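Some notes on the structure that comes next.
Read-outs: derived from the displayed coordinates by stated rules, not from any lab. It should be emphasised that the depicted structure is a prediction, and the values quoted were computed from it without experimental measurement. All Cβ positions, glycine included, derive from the backbone under ideal geometry; neighbour counts span all protein chains shown.
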Amino acid sequence: MQPNLSLQQIVQQLGGSISGSPDTQIFRVGSLALAQVGAIAFFNDTKYKIQLSNSAASAVIIRPEHADLTDLPKIITDNPYAYFAKLSQLLNPAFAAARVVHTSAVIDATAEVPKGCSIGANVVIETNVRLGNNVTIGAGCVIERNSSIADNTILEANVTIKHGTQVGKNCHLFSGCVIGNDGFGYAEEANNGKNRWVKIPQVGHVVIHDFVDIGANTTIDRGAIDDTVIEEGVKLDNLIQIAHNCRIGAHTVIAGCVGIAGSAVIGKHCKIGGAAMILGHLTIADDVTISPGSMIMRSIHKAGTYTALMPSQAHEDWLKTAANIRHLSPQLSQLTDKIKALEQMVAILTADKKT
Amino acid sequence: MQPNLSLQQIVQQLGGSISGSPDTQIFRVGSLALAQVGAIAFFNDTKYKIQLSNSAASAVIIRPEHADLTDLPKIITDNPYAYFAKLSQLLNPAFAAARVVHTSAVIDATAEVPKGCSIGANVVIETNVRLGNNVTIGAGCVIERNSSIADNTILEANVTIKHGTQVGKNCHLFSGCVIGNDGFGYAEEANNGKNRWVKIPQVGHVVIHDFVDIGANTTIDRGAIDDTVIEEGVKLDNLIQIAHNCRIGAHTVIAGCVGIAGSAVIGKHCKIGGAAMILGHLTIADDVTISPGSMIMRSIHKAGTYTALMPSQAHEDWLKTAANIRHLSPQLSQLTDKIKALEQMVAILTADKKT
Amino acid sequence: MQPNLSLQQIVQQLGGSISGSPDTQIFRVGSLALAQVGAIAFFNDTKYKIQLSNSAASAVIIRPEHADLTDLPKIITDNPYAYFAKLSQLLNPAFAAARVVHTSAVIDATAEVPKGCSIGANVVIETNVRLGNNVTIGAGCVIERNSSIADNTILEANVTIKHGTQVGKNCHLFSGCVIGNDGFGYAEEANNGKNRWVKIPQVGHVVIHDFVDIGANTTIDRGAIDDTVIEEGVKLDNLIQIAHNCRIGAHTVIAGCVGIAGSAVIGKHCKIGGAAMILGHLTIADDVTISPGSMIMRSIHKAGTYTALMPSQAHEDWLKTAANIRHLSPQLSQLTDKIKALEQMVAILTADKKT
C-alpha cells in the first residue's frame, strides 16, 4: 500500500515552501498531462505551459519564477525535478525482499552471508564470496569465487558476477548484466603462413565503487592486467559494453547501447548519449557531453558537447547526399580549380582594360 | 518426425492452385539454391531466375506472372513468401514442451498456474503471478510478483519478467530478454558544489499486447510513471533496447541492435532497420521505414523511408572525405565568397565593355 | 598460487633469447607503466619509449631491433605481444573447475555427460545432448535437446544453447550469450487491408567450429532453412548480434556491439571494429578490416580497410556541418551553375577583346 502525505508533511521532510492549502493530500506522483486527483506533478520548463494549465494534478512542484503560472496548490523549490525524485522515493518505498535465504540457493560453506541478507531462489554463491549487510541477491544470480558485494547493494534476478569482482555499497545491478567477463584480448601470431589468435589471460578484475547503477544486459569486462574501474555514483543504462581496463569517472551517466572500447578513461560528471561509441586508449575530460549516436575517435581535452552524426533525410534526398559525400574531395577540388582559372582570366581581362 | 504432404493436400489447407503433378510429395522447405528432392522452395523476385532454373527442388511456390519461368511442379499464389511461411509452419510443427511442472521449479503458493502449462526446470514464479492456459515457461526463467502472462504465450529459457509486467496472448519471448526493468531516470542535484544523481522511482509497468515476439537479450524498461506499451503484433529482434514510456505501434517490426530512447512514440506498421537509433520524446508516424544504422533526431510526420548514413569508402578516401566534412562550412563559404567576388568583377568588366 | 619462472625456464618453454641475467625471477605479467618487481612487460611500439625507460618491471619482452633501448633483463623475440600472451598463460593457468556434476544440475537421462566433465549448480541439460570429454558447463546454463558440445569447451555461467546447436572443441562461450535462437524471419501478408507478419519457422541450426570464443550477452541465431556457421578460430566480443544464415570465416575477430544482418558471408581473417554494422545478403572478402562504427551496405570484394564515419566536432560546429550536409546537393549545384555562368561570361569578354 502506498503511503499518502500532505504538502505540509512533504515540506517537513524535503524542504521547500508551500503556496495553497498545506493539507492537500498527495497519494502518488504523476506527469502534468496524465496526473489525476491525488497526484503531484512537476513543472520545470515553460514549453509545458499548456499541460500545466490543463493539469488535473492536485498539486505541482515548481520553481519560484514559475509559481505565478498556476493556481494549483504548489511546493516551491529551486530544483523541481530533483524534488520530484525524492518525493517519489517517499511515496514509493523500495520493495523489501524477504530477509531470508531461499532453500534452493546453493551457497558455498566458505562464503560470508550476514544475517539479514536476502538471497533469492536458485542463487549460486561460490567460494570465498563476501556479502555486506542488507545485501539483496535476486533469483538465479551467480556470484563467482572471491567476489565481494558491500552493504545495501541490490542484484536483480539473473545477474552474473565473475570471480574476483568487487562491488561497492548501495549499488543496484539489473537483470542480465555480466560483470567481470574476460576482456577481449588476443595476440596475432603467424602459424605456417596463416595467422592465429593467442588469448591473453585477463587477470585484472572489475572494481565498482559505491552508488553505482548498472543496467540490464550491460557487460563490464575485467582488466587484462590492471583493473577496470567504475567510480562512485556512475549510472549505466541497459545494453552497454565497457571493455577491459576502462575507467569511468565519478557521477558520469551513460545511456543505453553505448560501447566503450578498451583502456578508455572517461572523466567525471560526463554525459554520454545513447548508442555513442568511444574508441579505446583515449581520454575524455571531465564534464564532457557526447551526443547520442556519436563515434568519438580522439581524446577530448576540454569540457563541452561533442557530436558526430549524419543528419537524417528522406531516402531519395539521402541518396544524392551520399553520392555527393563520396565524391566530395574531387568535387571540391574541381570547383576550386575552376574558380582559380576564372580568377586568372579575370585578372588578365582587368589588366588589359587598364592598359 | 516431419510430416509429408502432397501439393494437393497443401492447397487444400492453404489455398492457391497447382500446376504440374498434384501428387508431388513435399517433405520440407528449402531455398532455391540448396533445396533437394522432396523440398519446396519459393520464387518471388526475378533476380533469382538462374537459381530457379538450376533448382533441384521438387516444387516451387510462385506468382501467376512468373509461372512460366519454370517447368517444376508449382503452387501458384499471389504472395509466395507468406505462403512459404505458412507451409513451413505445417511441415515444422512447433516443438511441444511437456505439459508438466518440473519438480525443480519454485512456484509461490499464490501464483495461478493452470493445468496444461509447461514449466521448465529451475523456473521461479513469485507471488500473485497469473499464467493463462497453455503457457510455456522455459528453464531458468524468473517471473516476478504481480505479473501476468496470457494464453499460449511461450517464454524461452532464461527470460526475466520484472514485477507487474503484463504479457498478452500468443507472444513469444526469447532467451535472455529482460522485460520491465527500471527505466533510466535520475534527477541531477547540486550537492556542496558537486552534482549527484537522484534516482526517480520507476513506478509504471510494461504492457505487451497479443502476438508480440521479443528477441534474445532484448530489454524493455518499465515506465517512469505511466506504462511502456508494445502493441499487438509487434516483432522485435535481438539486443534491442526500448526505454521507459515508449509506445510501439501495432505490427511494427524492429531489427536487431536498435535503441529507442525514452517516451518515443512509434507508429503502426513501421519498419526499423538494424542498429537504427531513435531519440526520445519524439513521434514517428505510421508506415515509416527507417534505414538500418540511421539516427533519428526529430519527429517524422509523414510515411516514407528515412535515412541517415555516411557512405563507406576505402579508408584512405574516407580520410580525405572526413577532412572535407570537418571543414565543409569554411570551404563552402570561401568558394561562395570567391564566386561573388568574380561575379562583381565580371559585372564591372561587362559594364565597361558596353560603355 | 601463481607459479614463478626464471627467464631461463621461460625461454626453454617458449623460445626466444635472453639478454641479461637468465636467473631473473618472474612472478607475473604487467604493463610497462604499472609493472613492479617480479613482473615482466612487453615492448612493441617505440611510442612507449618513455614508459620503457621508467619501467619498474624486472624484465621485458622485446624485438631484436629494440633490444638496445633498455638495460633491463630481456627476452628477445620477433613477436613480443604473442610471446607475452603465451607467457601469461603459463603464469596464469586457467582455473580448473571441479570435475564433478553438481547435485542441483538437472540432466536428462538420455544426455551423454562423460566422466570428467564439470557441471555447475542449477545447470539444465535436456534430451539427447552430447558432451565431449573435459567439457565445463557453468552454473545456470541451459543446454537444449539434441545439442552437442565437443571436448574441452567451456561454457561460463548462464549461457543458453538452443536445441540442435553444435559447438566444436576448445571453444569458450561467455556468460549470457544465446546460441541458436530463432532467426528474425516473417512474411508480410495482407489481412483485410491490414498487414500482419507470418512467422517463418527457423529450422536451420547454429554450427560452431573449433577454437571459437563468444562474448558475454552475444546472440547467434539459427538458420532459417540452412545453418548459421561460425568457422574455426573466430573470436567474438560481447553484445554482438549475428543473424540467421550468416557465415563468419575462420580466424575473423569481431569487436563488441557489432551487428551482422541475415545471410551475410564474412571472409576469413577479417577484423571488424566495435559497433560496426554489416547489412544482410552481402559478401565480405578475406582479410578485410572494417573500421569501428562503420555501416557496410555493399559487398566488399577486395582486401583492405573500409570506413564510414562522420568525424566528431564541437556541437556548434557540427550544427553548421549538418546544415551544410543536408543542403549539399543544392549547394554544390548552385556553385557549379554560377561557375558555369561566369565561365560563359568570361569567354564572351575574352572573345570580345580579341576582335
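So what are the ³J(HN,Hα) numbers for the range A:182-198, from phi and the Karplus equation (6.51, -1.76, 1.60; θ = phi - 60°), rounded to whole Hz, Gly and Pro as x?
Here the 3J(HN,Hα) series is 4, x, 9, x, 9, 9, 7, 9, 5, 8, 6, x, 10, 6, 10, 9, 9 Hz.
Quick check for me: using +1 on Lys/Arg Cβ and -1 on Asp/Glu Cβ, what's the dipole size of the range A:5-91 about its Cα centre, in debye to the nearest 20?
Value, rounded to 20: 200 debye.
How far, in nm to one decimal, is A:Ala97 from itself in the other copies if the label point is set 7 angstrom along Cα toward Cβ? Shortest first, please.
Those separations, rounded to one decimal, come out as 2.2, 2.2 nm.
When chain A is modelled as a GNM with alpha-carbon springs shorter than 10 Å, which of A:Val229, A:Val113, A:Val11 fluctuates the most?
The residue that fluctuates most here is A:Val11.
Can you compute the charge dipole magnitude of the protein assembly as shown about its Cα centre, using +1 on each Lys and Arg Cβ and -1 on each Asp and Glu Cβ, nothing else charged? Give it in debye, rounded to the nearest 20.
1620
Starting from a label point 7 Å past Cα on the Cβ side, list the distances from B:Thr336 to the same position in the other copies, nm, shortest first.
Shortest to longest, the spacings are 1.9, 1.9 nm.
Short version: ³J(HN,Hα) in whole Hz for each residue of the range B:203-209, in order, from phi by Karplus 6.51 cos²θ - 1.76 cosθ + 1.60 (θ = phi - 60°), x for Gly and Pro, what are they?
9, x, 10, 10, 10, 10, 7
Given the peptides C:314-323, A:219-228, arrange them by the average over their residues of other C-beta atoms within 10 Å, most packed first.
A:219-228, C:314-323
Just counting partner chain Cβ atoms within 10 Å, what average do the residues of peptide C:273-285 show around their Cβ?
Mean inter-chain Cβ contacts per residue within 10 Å come to 4.
Can you give me the relative contact order of chain A as a percent, contacts being Cα pairs under 8 Å and 6 or more apart?
Reported as a whole number, the value is 6 percent.
Taking a ≥ b ≥ c as the square roots of the Cα gyration tensor eigenvalues, with a/c under 1.5 meaning rounded and otherwise prolate when a/b beats b/c, else oblate, which class fits the range A:228-355?
Prolate, because a/c is 1.5 or more and a/b exceeds b/c.
Would you kindly state how much longer the chain becomes between A:Ile50 and A:Val37 on full extension, computed as 0.36 nm times their sequence separation minus their alpha carbon distance, in nm to one decimal?
2.9 nm
Positive end of the charge dipole of the protein assembly as shown (Lys, Arg +1 and Asp, Glu -1 on Cβ, about the Cα centre): tell me which of B:Pro201, A:Cys117, C:Ser312 has its Cα farthest that way.
C:Ser312
Place a +1 charge on the Cβ of each Lys and Arg in the range B:220-355 and a -1 charge on the Cβ of each Asp and Glu, then give the dipole magnitude about the Cα centre in debye, rounded to the nearest 20.
The calculated dipole for the range B:220-355 is roughly 540 debye.
What average count of beta carbons from other chains do you get within 10 Å of the Cβ of residues in B:82-93?
Going residue by residue through B:82-93 and averaging, the value is 5.
State the Cα centre-to-centre distance between the range C:256-328 and the range B:178-209 in whole Å.
Answer, in whole Å: 33.
Can you flag which of A:Lys320/C:Lys338; B:Lys302/C:Lys338; B:Lys115/B:Lys162; A:Lys74/A:Lys302; C:Lys49/C:Lys169; A:Lys74/B:Lys268 are past 30 Å Cα-Cα?
B:Lys302/C:Lys338; A:Lys74/A:Lys302; C:Lys49/C:Lys169; A:Lys74/B:Lys268
As an exercise, take the mean of 1/r over every pair of distinct alpha carbons in the range A:5-91, invert it, and state the Kirkwood radius in angstroms.
12.3
At 222 nm, what helix-only mean residue ellipticity would chain C give, in deg cm²/dmol to the nearest 500, using -39500 (n - 2.57) for each DSSP H run of four or more?
The helix-only estimate for chain C comes to -6000 deg cm²/dmol at 222 nm.
For a bin width of 5 Å, list the pair-distance distribution of the range B:106-306 built from all Cα-Cα distances, rounded to whole %.
2, 8, 15, 21, 17, 14, 10, 7, 4, 2, 0, 0, 0
Check A:Gly304: other-chain or 5+ apart residues with amide H under 5 Å from its amide H, H built from backbone geometry?
Here the answer is A:Val288, A:Thr289, since their amide H atoms fall under 5 Å of that of A:Gly304.
Nm distances between the label at B:Asp352 and the same-position labels in the remaining copies, 7 Å along Cα→Cβ, shortest first?
1.0, 1.0
What is the sum of charges, Lys and Arg at +1 and Asp and Glu at -1, for the other residues whose Cβ falls under 15 Å from the Cβ of B:Cys177?
After counting each charged neighbour, the total is -4.
Mean separation of Cα pairs under 8 Å and 6+ residues apart, divided by the residue count of the range B:106-306: what relative contact order is that in percent?
Relative contact order for the range B:106-306 comes out at 10 percent.
Under a 5 Å amide H to amide H cut-off, with H placed in plane at 1.01 Å, what residues pair with C:Arg130 once short-range neighbours are removed?
C:Glu112, C:Ser147, C:Ser148, C:Ile149
From the phi of every residue in the range A:219-225, what ³J(HN,Hα) in whole Hz does the Karplus formula 6.51 cos²θ - 1.76 cosθ + 1.60 yield, where θ is phi - 60° and glycine or proline is x?
10, 10, 8, 5, x, 5, 10
What value does chain A have for Rg/Rh, both radii from Cα atoms and Rh as Kirkwood defines it?
1.14
Could you please report the charge total around B:Asp287, scoring K, R as +1 and D, E as -1 over all other residues with beta-carbon less than 10 angstrom from its beta-carbon?
+2
Express in whole angstrom the spacing between the alpha-carbon centres of the range A:103-134 and the range C:51-126.
Distance between centres, Cα-based: 28 Å.
Classify the protein assembly as shown: rounded, prolate or oblate, from the alpha-carbon gyration tensor (a ≥ b ≥ c, eigenvalue square roots; a/c under 1.5 rounded; otherwise prolate if a/b is larger than b/c)?
rounded
If you count, for every residue in A:115-124, the Cβ atoms of partner chains within 10 Å of its Cβ, what is the mean?
Whole-number average of other-chain Cβ neighbours for A:115-124 is 4.
Give me the net charge for the shell around C:Thr110: Cβ to Cβ below 14 angstrom, other residues only, Lys and Arg +1, Asp and Glu -1.
-2
Which of the listed residues, A:His281, A:Val178, A:Gly233, is farthest toward the dipole's positive end in the range A:106-306, when Lys, Arg count +1 and Asp, Glu count -1 at the beta-carbon?
Selected residue: A:His281.
Search the structure for amide H atoms under 5 Å from the amide H of C:Ile119, placed 1.01 Å from N in the peptide plane, and list their residues when 5 or more places away or on another chain.
The list, which skips near neighbours in sequence, is C:Val100, C:Val101, C:His102, C:Ile137.
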